[in-house]
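Q: After the structure tokens below, expect a handful of questions from me.
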Amino acid sequence: MSGAFRKALKSRQKNHKERSQPGFRKNLGLLEKKKDYKLRADDYQKKKRTLDALRRKALERNPDEFYFKMISTKLQDGVHVIKQEPEVVTDEQLKVMRTQDIKYVEMKRVAESKKIERLKSELHLLDAEEKPKNRHTFFCDTKREVRNFDLAKKLDTAPELVDRVYNRPTLETLHKKTVQGPTTMNELQQLAKQRQLQYEILNQRIEREKKMFVISQKIQARKDLMDKRGKVKVKKETANSAPVYRFKQERKR
């Protein structure tokens, strides 16, 4: 009965609040309440207990004590690092890895070949050094016509454009249409450099595609050797029958 009366009495008690920070002391910062002090004191005591426990553990430590981390960790740059055990890879896992490598290399090689075809279609290999020079044969009826033969007149173009293997317009086109594109020497040199750079990139991609093909062939050969290594050809003969051949899986020792 008295317990219930005490609880009813407490429920009607007035809640006493802590005073707030006086106005003239606001420049000193927030006034610490009892709940703030309690949190700070608990944190301090917790850290003190931790330090005392570590200090006691260090004092009571046995220098000859053995624990398994001594052999499973190593000191690297002043920090204890767990030793990584070598990963054991089975033959089946190696075969899967070889297959994935072949697929990856083939995917990259196909992508490289597509880029090569796109570059070839853009450049057309018109003035490439590796491309054999085409020949244009003209037929004349007399020797006099051969001596007086004018290539620019025959092609109906300007004499300055005769040596070009591409973009060689006729005189009629030059008279009717205006010159389009760069005309100054600096712009022409810059375009020539860009074209040469594109040819170098094309050559590098062709070499890369050849190397990828060789790599895929080597990986495939290794995979085939691994497949053959697991099978041994065993000859079995019977008294009244022809020789019988079977494949037996090689057992590991």
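Here, each number is a calculation from the coordinates, and none is a lab measurement. For clarity, every value in this text was computed on a predicted model and none was experimentally measured. For neighbour counting, all protein chains shown are included, and Cβ atoms are generated from backbone atoms with ideal geometry for every residue, glycine included.
Q: How big is the gap, in Å, between the Cα center of the range 140-174 and the Cα center of the range 196-219?
A: Value for the Cα centre distance between the two parts: 40 Å.
Q: Same structure again: Among the listed pairs LYS95/LYS211; LYS48/LYS69; LYS154/LYS176; LYS48/LYS83; LYS47/LYS74, which are separated by more than 24 Å between their Cα atoms?
A: As for pairs spanning more than 24 Å Cα to Cα, those are LYS48/LYS69; LYS48/LYS83; LYS47/LYS74.
Q: Label-point separation (nm) for ASP64 and LEU94, each offset 7 Å from Cα along Cα-to-Cβ?
A: Each label point lies 7 Å from its Cα, and together they span 4.7 nm.
Q: Let me ask you something else. Figure the gain on full extension for ILE71 and ASP101 (residue separation times 0.36 nm, minus the Cα-Cα span) and round it to one decimal in nm.
A: 7.2 nm
Q: Chymotrypsin sites (Phe, Trp or Tyr not before Pro) within the range 44-112: which are DSSP loop residues with at most 16 other Cβ atoms inside 10 Å?
A: PHE66, TYR67, PHE68
Q: What is the Cα coordinate range of the range 56-129 on the first, second and third principal axes, sorted by size from largest, in whole angstrom?
A: Principal extents (Cα only, largest first): 85, 33, 21 Å.
Q: Tell me the GluC sites (Glu not before Pro) within the range 37-124 that lie in a loop according to DSSP and have at most 11 other beta-carbon atoms within 10 Å.
A: Taking the range 37-124 and a limit of 11 other Cβ atoms within 10 Å, the loop GluC sites (Glu not before Pro) found are GLU60, GLU65, GLU87.
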